[in-house]
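Take a look at the structure set out below.
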Amino acid sequence: MKLEVRLFASLVCKNENLSCRGQKEFFVDVPDGLTVNGLHDFLKLEFSPLITVVNGVVEKKDFVIPPGARVGIFPPVAGGEGMTRIL
């Protein structure tokens, strides 16, 4: 199945066997039934955890991505409890 993928910040496709290697925005053919976590592995993304948005909704790592989905993947965002103290 084909997916539209956009990687943000310092993320790029690291899979040397794919034509998207080194790219941030691309279409890619993936196996049917691929999960969010499976896509991270397929693209060989280095950060963990990652925030993944599928068709506009943040999804958990066991979510099965539907064919033709638009996927955005973000590295961890700084902040959290310590950040709220600053604000």
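What the table below lists for this structure:
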item: The chain: radius of gyration and largest Cα-Cα distance (Dmax), Å; result: 13.7, 45
item: For the chain, the longest site-free run once trypsin sites (Lys or Arg not before Pro) in DSSP loop states with at most 16 other Cβ atoms within 10 Å are removed; result: 62-87
item: Overall Cα dimensions of region 27-77 - principal axes, largest extent first, Å; result: 28, 22, 20
item: Relative contact order computed over the chain (Cα-Cα under 8 Å; 6+ residues apart), in percent; result: 36 percent
item: Length gained when the stretch Val58-Glu16 is fully extended (0.36 nm per residue, less Cα-Cα span); result: 12.4 nm
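FYI, it's all coordinate maths here, none of it is from the lab. Here the structure is a predicted model, which means the values were calculated and not measured. Methodologically, a virtual Cβ is constructed for each residue, glycine included, from the backbone with ideal geometry; neighbour enumeration extends over all protein chains shown.
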